[in-house]
Amino acid sequence: MALKRGRGAATPPFLVMDVIAAANARAASLPPGAPAILRMEVGQPGTGAPLGAVRAAEAALRGRLPMGYTEALGLPSLRARISRHYAELFGVTVDPKRIAVTVGASGAFPLAFLAAFDPGDRIAMATPFYPPYVNILVALGMVPVMLKAGPETRFQPSVAMLEALDPKPDGLIVASPCNPAGTMLHPDEFDAIAAWCGANGVRLISDEIYHGLHYGAALSTGAGRPGVMVINSFSKYFSMTGWRIGWMVLPEDLARPVEALAQNMVISAPHVAQVAAEAAFDCAAELDANVAAYRRSRDLLVAALPNAGFPRLSPAEGAFYLYADVSARTDDSQEFCRRMLAEAGIAAAPGVDFDRDRGRHFVRFSYCGPEADMAEAAARLAGWNG
Ligand SMILES: Cc1ncc(COP(=O)(O)O)c(C=O)c1O
């Protein structure tokens, strides 16, 4: 007799991870001396944790600190440091009691969704989207509602799109800067969306993981706005991807529920990573040098890719992604990326991961790899006719 399987067992893969595996396999099979595979599929900094964070972790380990569980919402000193970050950056007062340290932003999603929503609730977001939003919501029995966004709104949601929804959603997820388009909600747009959510009783979740990686447009935060849940992480600007450490800013009514969920689901985020993360706040010079390198790679690619057959790029406002409309070259972005890897030795992410319908016409290039590789990629793409 067939045994029961839960809806979570049907969760689709995160396709970028499959592209990474294909690029690894291709790199391993290259003959000695062959040109290296250029990695533009991964969304993680090639730089390691900043030195100050590494030293803090070393000192903690050498001092034989017990490294036990911390409180479920995190080390009080780290929560206080995160609170100070909002005061310094945005002039916003956030009570450390409303800050939850999490296992990356990824670990924050189930906590946030379970605390805020019930199975059957409808949660809106712009398409293209970061795939785990949808996959986690569906696994939890919640219903993603897609707001089809294009170049007219820089692939971001708008109040007009929300107004057109009937019935109104229970929640909305926004990301600014976003993945995969690398675009931002400008402050007036963010304000209007937050006001609309407030007026319509829609719980706003603001994914701010790419804060710090932006190249001109002003930043907005949901912190300090009533009812809004903010998600952030040490994986991107702070360059600590594998340390698996992130945080949430919670509305007052959800702080205790998230604490209870975290106590049951993870007990706490890794202790040593919390110690290192706190020190990372004092490493701005090193981290800002990384951002300057991303900016140079971005400038180079934005100038070079249109002449290399990629004229339709999303405005590269933040994060480290360029979302290229390749509809003039293919109807199948997965096959296009396979050929790009095989023929040009460049790994990039097909848009189908982020937009199951229009994604076949898009490719995401990530430019967080070494600067020299990004320059080499531009040159190789110029010579590739795939
Ligand atoms: C928009 C967005 N949110 C969340 C995450 C998850 O990041 P982490 O779990 O490493 O903090 C990512 C990772 O790429 C992302 O792009």
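For segment 190-207, the set of residues classified as touching a Pro at 6+ places or on another chain (Cβ under 9 Å) and surrounded by 18 or more Cβ atoms within 10 Å (Cβ to Cβ) consists of ILE193, VAL202, ARG203, listed by residue number.
The residue that is nearest to the ligand (Cβ to nearest atom), among those in segment 245-265 that are touching a Ser or Thr at 6+ places or on another chain (Cβ under 8 Å) and over 22 Å from ALA284 (Cβ atoms), is MET248.
Do we have LEU38 as crowded, with 18+ Cβ neighbours inside 10 Å and more than 16 Å from the ligand (Cβ to nearest atom) here? In short, yes.
Candidates ALA23, ALA49, ALA27: the one that is surrounded by 18 or more Cβ atoms within 10 Å (Cβ to Cβ) and modelled with pLDDT under 95 is ALA23. For segment 55-73, does any single residue satisfy the condition of being within 16 Å of the ligand (Cβ to nearest atom) and either surrounded by 13 or more Cβ atoms within 10 Å (Cβ to Cβ) or among the hydrophobic types (A, V, I, L, M, F, W, C) (or both)? No; the residues of segment 55-73 include none that is within 16 Å of the ligand (Cβ to nearest atom) and either surrounded by 13 or more Cβ atoms within 10 Å (Cβ to Cβ) or among the hydrophobic types (A, V, I, L, M, F, W, C) (or both). Going by what's in this entry, would ALA276 be described as within 16 Å of the ligand (Cβ to nearest atom) and either surrounded by fewer than 19 Cβ atoms within 10 Å (Cβ to Cβ) or not assigned by TED's automatic domain parsing to the domain that holds ARG360 (or both)? Considered against the rule, which asks whether it is within 16 Å of the ligand (Cβ to nearest atom) and either surrounded by fewer than 19 Cβ atoms within 10 Å (Cβ to Cβ) or not assigned by TED's automatic domain parsing to the domain that holds ARG360 (or both), ALA276 comes out as yes. Quick one: in segment 9-18, of everything that is modelled with pLDDT under 85 and not in a loop (DSSP other than H, G, I, E, B), which residue is surrounded by the fewest Cβ atoms within 10 Å (Cβ to Cβ)? Residue satisfying both the conditions and the ranking: MET17.
Residues that are among the aliphatic types (A, V, I, L, M), not in a helix (DSSP H, G or I) and not assigned by TED's automatic domain parsing to the domain that holds PHE155 occur at least once in segment 361-369.
Can you find, within segment 128-148, the residue that is nearest to ASP325 (Cα to Cα) among those that are within 14 Å of the ligand (Cβ to nearest atom) and of a type in the set (A, V, I, L, M, F, W, C)? Here the answer is PHE129. Residues in segment 119-143 that are over 19 Å from the mean Cα position of the chain (by Cα) and without any contact (Cβ under 8 Å) to a residue 24 or more places away in the chain: PRO119, GLY120, VAL143. Scanning segment 146-165 for residues that are surrounded by 19 or more Cβ atoms within 10 Å (Cβ to Cβ) and hydrophobic (A, V, I, L, M, F, W, C), we see that the one that is farthest from ILE123 (Cα to Cα) is PHE155. Residues that are away from the ligand (no atom under 16 Å from the Cβ), hydrophobic (A, V, I, L, M, F, W, C) and either in contact with a strand residue (DSSP E or B) (Cβ under 7 Å, 6 or more places away or on another chain) or closer than 22 Å to TYR294 by Cβ (or both) within segment 314-343 comprise ALA324, VAL326, PHE336, CYS337, MET340, LEU341, listed in sequence order.
Of the residues in segment 1-8, none is away from the ligand (no atom under 16 Å from the Cβ), touching a residue at least 24 places away in the same chain (Cβ under 8 Å), over 26 Å from GLY246 (Cβ atoms) and assigned to a helix (DSSP H, G or I). When the test is whether a residue is β-branched (Val, Ile, Thr), assigned to a loop (DSSP other than H, G, I, E, B), closer than 25 Å to ASP253 by Cα and touching a residue at least 60 places away in the same chain (Cβ under 8 Å), THR70 passes it. Of all positions in segment 90-100, at least one carries a residue that is over 19 Å from ILE205 (Cα atoms) and either surrounded by fewer than 16 Cβ atoms within 10 Å (Cβ to Cβ) or among the aromatic types (Phe, Trp, Tyr) (or both). Determine whether ASP299 is farther than 30 Å from LEU75 by Cα, buried (at least 16 other Cβ atoms within 10 Å of the Cβ) and not assigned by TED's automatic domain parsing to the domain that holds ARG64. Here the answer is no, as ASP299 does not meet what is asked.
The values are calculated or read from the model by the stated rules, or taken from the named source; none is laboratory data. Not measured: the values here are computed from a predicted model. Reconstructed Cβ throughout: ideal geometry from the backbone, glycine too, with neighbour counts over all protein chains shown.
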